1. Restricting attention to segment 33-76, which residues are assigned to a loop (DSSP other than H, G, I, E, B) and without any contact (Cβ under 8 Å) to a residue 40 or more places away in the chain?
2. Check 72, 96, 81, 90 and return the single one that is farther than 23 Å from residue 213 by Cβ, assigned by TED's automatic domain parsing to the domain that holds residue 47 and in contact with a strand residue (DSSP E or B) (Cβ under 9 Å, 6 or more places away or on another chain).
3. Just for segment 115-133: of the residues that are in contact with a strand residue (DSSP E or B) (Cβ under 9 Å, 6 or more places away or on another chain) and without any contact (Cβ under 8 Å) to a residue 60 or more places away in the chain, which one is surrounded by the fewest Cβ atoms within 10 Å (Cβ to Cβ)?
4. Filter the strands (runs of 3 or more DSSP E) completely within segment 110-167 down to those with at least 3 residues that are at pLDDT 85 or above and over 23 Å from residue 243 (Cα atoms).
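The values are calculated or read from the model by the stated rules, or taken from the named source; none is laboratory data. None of these values were measured; they are calculated from a predicted model. Using ideal geometry, Cβ is built from the backbone for each residue, glycine included, and neighbour counts are taken over all protein chains shown.
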């Protein structure tokens, strides 16, 4: 009987030790996760009343992301972002998420996909021309959508690569905030780079937000800060095997 009790107690001690060792394993080993990439496919031109098929293909490296937490398309007419609408996208196959939408009026529209997957968020955006009406300067559409947000905090990084993170002067919790990063290499805009934000509050597990290039060297993303406080934002910039830079910025959210 004593031998049986001893065996049971020894087994419980072993299980307890295993459980403790598993709990003590760090949730984050500090490595930068491979970036989530999203590519939007929309028609360049449409007629009013014509149904449009939107698609966004999501990958992490060479792997198709079929388990995204949320994929939506935000659609608004130029200069009327506050009146835009959000539609859900459904996964088809091989990481492609689709949705249909009908434009009722002529004009220049923007379609932005909101992809949340594997603790990352990315928001690529494209424009769609509906009908014959032309914007006065459609080439600067992205600038017009972002310029009101690109004032506020900034932080530079020494060396050949310069990184400047820009944000509004006032940031409020539970309000969508537009962030942008200006990236130069040897004094020239660094185009076609992978830029992502590592956002953390008080040492908590960071959130990862992928930025989309709006023009050469200018990258943008939206983020919803859910709590007030001082956040540490690390801007990571990668391009090929030669460039891997980062810089830290503190932002206060009210």
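1. Listed by number, the residues that qualify are 34, 61, 62, 66.
2. 90
3. So the residue we want is 133.
4. Because the criterion is at least 3 residues that are at pLDDT 85 or above and over 23 Å from residue 243 (Cα atoms), the strands (runs of 3 or more DSSP E) in segment 110-167 that meet it are 125-130.
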